[in-house]
Every structure is written in structure tokens, then in C-alpha cells.
Amino acid sequence: MKTVVIGGGLAGITAALTLTEQGNDVTVLEAKPRLGGATMSFERDGLIVDTGQHVFLRCCTHYRGLLDRLGVSGQAPLQRRFDVTVLSPSGRPASKGNHPTRLRRNALPAPLHLLPTLLGYGKLSLAERARVGQAALGMRGVNLDDPATDHIAFGDWLARHGQDERSRRALWDLFSVASINVPGDEASLALAAKVVQTGLLGDSGAADIGVPALPLGELHGTAAARKLAALGATVRLNTKVAAIEVSEPGFTLRLGRGADEDLQADAVVLAVPHEAAAQLIPAGALPDSIVSGWSGLGAAPIVNVHVIYDRKVMDVPFAAGVDSPVQWVFDRTRISGMHASGAAGQYLAISLSAADAYVDRSVASLREEFIPALADLLPAAREAAVTEFFVTRERRATFRGVPGTARLRPAAATALPGLVLAGSWTATGWPDTMESAVRSGLNAVVALRARESARIVGTVTEVNEVDNSTVSTADSARGVRS
């Protein structure tokens, strides 16, 4: 098939790679000047800066599979075992004083792999730790296949299972806010339970954390462009699609201003954010009520605060904050190329999810809050000088993973043969993450293959009625490689 993939993010890259590997004539159209979608990098005063800090877990099997296919898995190492340093401000008491606390797994099978570290978690009282263990076991019984689960707020479920305000803020929020990108109490129970069941209560190594060792622009965009070119796919950057029209056969793609021709395609993978997809999807592909319902997914921001010190102030690659506006902080010194350029010091990036309270604040206001906050968490920062401070904002980083959103997330297939949807916002069962994006790209290919197989089977049936011949469709009906 001559297939056009609209959108060069992780979903579009995954679909394009798979379709090209299967022998299709694939063209990728990306409105931006590079591939990678939201996972992008830029240069600032000699530093390579990622717009947002992205990490993944060992359980993100499809995302890791994409890295393998791009030949860059060696540049995205995983921890040998889950290990997170948790910091508190110097003025806040904890049962272990003001020393950092570590959440680490052992070699026992799940769920025993996290039991010792939870029992020793110094940010909670002994009674709170005991109740956390009971709630974690209760989380294993949440039925992800029950539509009613998505209509329950995570905070309500936690409260019913004995989790007080302190437990929710000091433990549960560490993982739910970063993965779902809404305040922990407001998250959909279905999405929160997916995170906990798959990452924390699944295989003992499922939550081991991977942090890219390359800038995201290289890890995803550059690597994908190189791989797609080697496979023979066509990539057109700075190319915006203005409309998708149904033609006979296939589709006509009307390109935006500056394009000198339209494109014809047998199949189209629409792999753009839900707001853009609602504008582009042709009439008849889905009921209007479904398309208009996508607006209910909304958008949630992520803000990243970048701080460069004149000396080293943090000894771990990343840490989480409790009782602090700092949610997660990452050492970006090496990946930014800072020392390679001859500069001294350390570059830290604070990642703020569910950042509605921060996204519209001035740089000066954020500096006034976060420089002291880092000094409260990192004693060495109190004597260090800040040489640079800047902020990046992703205003529409993800959809809002609140109760009731599952019914708004569409499957890949549409009513128009040859037109499928992809994107981390579609019905993957995962929060809006890199893993969800890759899974959606594979889902789109499966949906295309199913339609093509059905079409071929229908053709074979007609032929057999005429001449009683036998034609095998086994090859065309095989599933996608994942």
C-alpha cells in the first residue's frame, strides 16, 4: 500500500517503521522541522536542552522495542534494580532525620520485592507504612477491565483504603503525578491502577528506571530519520496537512501553504494530538459525537526548571522531592554537553508535572521559589552560585488523565477503510506516555492489516464463486511484529 503517516512523533515513527518493514510505500509528513514530536531537544548557549525530562521503566516493553529497532537501546540504560533517592527540606522532620531516604527493591519476587523498603520508608510513620502496604495489596484487586473503574478518582479510592493526606503526598504522588500528569487525588483510578499494577506490583524488575543518555532529539528524531531513510521511506519535514479527503480509491491529502501538490494515498495513519486529529479527520470516519468528545480529554502542562550551578551540588543522577515544590530533579550535566564545551559546574533540571500552578508564572517568580527549594533539599547548593536559570514549558504536554476519560479515547480503526488513528491519547490502556505512543503506532498497523486482510478475503470469496480457485491469504493476515 501507498501509505501516508501524518505526524512524526513516537506513534507516527513506530507506525512508519513497521509499515515500511512490511514492504509498504510509506511517506511521513511532519509539520515541524524534525521528527520526534514532543520528545525534542534544542541548543541554548552551547548546551543541548531537552524540552522535558523523559524517563521510562523496564515494563515499557514496546518503547524499549522501538529503541532496539532504532539501534539506540544502548543509549537508554536501565537501573540494575529500582532505586530512588527521596529528599526532604532541612526544616521538615522525618523519622530518619533530614537524611535522604532511598526506595529500593530487592531480589525477591513481587510484591515482596518492595516490602522492606516500604517498611523502612522514613517519610511516613510506622502506622502509615503499614496502611500503605495494605492499600498496595488492595490495588492488585482493582479490575482494569471494568469501565466503572475509570469513573473513580484515585484519591477517593486511597482514602477508602486508609491512606491519609500524608501518605498520599509523601508516597503515592511520587509515581502517580509524574506518570498521569494530574494531581494524584484527581487521577483516574484506572490509569493509576495501571501504573501501580504494571510498574510496582508486576514483575519484580518492572519499575527499574531508564534515563536516556542522549538528548531526546538524537535518541528519537535523528535515529528515526536515519532508520526510515535506510528502509526506503520518505520523510517530509515542515509539511503541514490541511485536509484529508476521501477519494476513489483511497485518500487525497491537501497540503498546507507552500506545498505545490496534493498527495494520494491508499491508506492514512493519522498520528497527531487529539485536538489536531479532530480538525483533520474526514466526515464519516467516526460519529461526530465521538470526535467532539475528544475535547473532553483536555490538556495538562509540564514545566521544566533548568538551573546551572558553579559547582557540583547533587551526587545522584536523579532524586524525588517530598514536602517541597520540587517533584523530581535530574542531573543533566553530561547529556547537555556542558563539560565537553569546557564549562564547569553542574546542570540540574526540575521536572514539574500537573503544572497548572506554574505554567503561566514568570521566570523571575519561579526562580524566587525554586532556588531556595533546591537549597533546602541539597545542602551543597546553599554555598553554590547559580550561573544560569531558565524555564521550558509544555502547555499541552498530555491529555488530562482524570476520571471519565477512558470512554473518550478511540480505538485505532475508523469506519473508513484505510484510515486509522495513532497517538498516546488513543485507547491503549496506558497513561499518556512514550509507551502509550509506541503501542498506539503498533495498534494502527494491526488495524490496517485487519482491514486489508478482510478486503483480500472478500476479493478471494468473489473469485472463488466465479472459478472455484483457491488463494491463500495467510501471509496478508499475519499480525504486526512487536
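The values are calculated or read from the model by the stated rules, or taken from the named source; none is laboratory data. Only a predicted model underlies this, so the values are computations on that prediction, with no experimental measurement involved. For neighbour counting, all protein chains shown are included, and Cβ atoms are generated from backbone atoms with ideal geometry for every residue, glycine included.
The residue list 243, 224, 229, 192 contains one member that is within 20 Å of residue 77 (Cα to Cα) and aliphatic (A, V, I, L, M), which is 224. A Cβ distance below 7 Å, combined with a sequence gap of six or more or placement on separate chains, defines the contacts here; from the stretch 249-272, residues that are at positive phi reach residues that are assigned to a loop (DSSP other than H, G, I, E, B) and of a type outside the set (D, E, K, R) in the pairs 250/418. Across the stretch 402-453, the number of residues qualifying as surrounded by fewer than 19 Cβ atoms within 10 Å (Cβ to Cβ) and at positive phi comes to 2. If you check 129, 102, 64 for being basic (Lys, Arg) and outside any helix (DSSP H, G or I), only one passes: 102. Of the residues making up the stretch 154-172, just one is surrounded by 20 or more Cβ atoms within 10 Å (Cβ to Cβ) and in contact (Cβ under 8 Å) with a residue 60 or more places away in the chain, namely 170. Would you check if residue 38 is closer than 14 Å to residue 220 by Cβ, part of a loop (DSSP other than H, G, I, E, B) and at pLDDT below 95? So residue 38 fits the description; yes.
Does residue 89 fit the bill of being under 18 Å from the mean Cα position of the chain (by Cα), surrounded by fewer than 24 Cβ atoms within 10 Å (Cβ to Cβ) and either without any contact (Cβ under 8 Å) to a residue 12 or more places away in the chain or under 30 Å from residue 121 (Cα atoms) (or both)? No: the conditions fail for residue 89.
State all residues of the stretch 341-383 that are touching a residue at least 40 places away in the same chain (Cβ under 8 Å), part of a helix (DSSP H, G or I) and aliphatic (A, V, I, L, M); if no residue qualifies, say none. Within the stretch 341-383, 366, 371, 373, 374, 377, 380, 381 qualify.
Within the stretch 101-113, restricting attention to residues that are buried (at least 17 other Cβ atoms within 10 Å of the Cβ) and touching a strand residue (DSSP E or B) at 6+ places or on another chain (Cβ under 6 Å), the residue that is modelled with the lowest pLDDT is 101. Close contacts from the stretch 105-116, counting a first residue that is assigned by TED's automatic domain parsing to the domain that holds residue 197 and a second that is surrounded by fewer than 12 Cβ atoms within 10 Å (Cβ to Cβ) and part of a loop (DSSP other than H, G, I, E, B), with Cβ to Cβ under 8 Å and a gap of 6+ residues or different chains, come to 113/107. Apart from one condition, residue 135 fits all of (1) in contact with a strand residue (DSSP E or B) (Cβ under 8 Å, 6 or more places away or on another chain); (2) closer than 25 Å to residue 58 by Cα; the exception is (1).
The number of residues in the stretch 403-431 that are within 16 Å of the chain's Cα centre (by Cα) and farther than 29 Å from residue 251 by Cα comes to 3.
Residues checked against (1) assigned to a loop (DSSP other than H, G, I, E, B); (2) crowded, with 17+ Cβ neighbours inside 10 Å:
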| position | (1), (2) |
| --- | --- |
| 205 | yes, yes |
| 213 | yes, no |
| 222 | no, yes |
| 227 | no, yes |
| 230 | no, no |
| 239 | yes, yes |
| 244 | no, yes |
| 268 | no, yes |
| 275 | no, no |
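Within the bounds of the stretch 400-417, is there any residue that is touching a Phe, Trp or Tyr at 6+ places or on another chain (Cβ under 8 Å), outside any loop (DSSP other than H, G, I, E, B) and not assigned by TED's automatic domain parsing to the domain that holds residue 285? There is no residue in the stretch 400-417 that is touching a Phe, Trp or Tyr at 6+ places or on another chain (Cβ under 8 Å), outside any loop (DSSP other than H, G, I, E, B) and not assigned by TED's automatic domain parsing to the domain that holds residue 285. Would you pick out the residues in the stretch 316-340 that are in contact (Cβ under 8 Å) with a residue 24 or more places away in the chain and hydroxyl-bearing (Ser, Thr, Tyr)? Residues satisfying the conditions are 324, 336.
Within the set 297, 286, 219, the sole residue that is within 30 Å of residue 355 (Cβ to Cβ) and touching a Pro at 6+ places or on another chain (Cβ under 9 Å) turns out to be 219.
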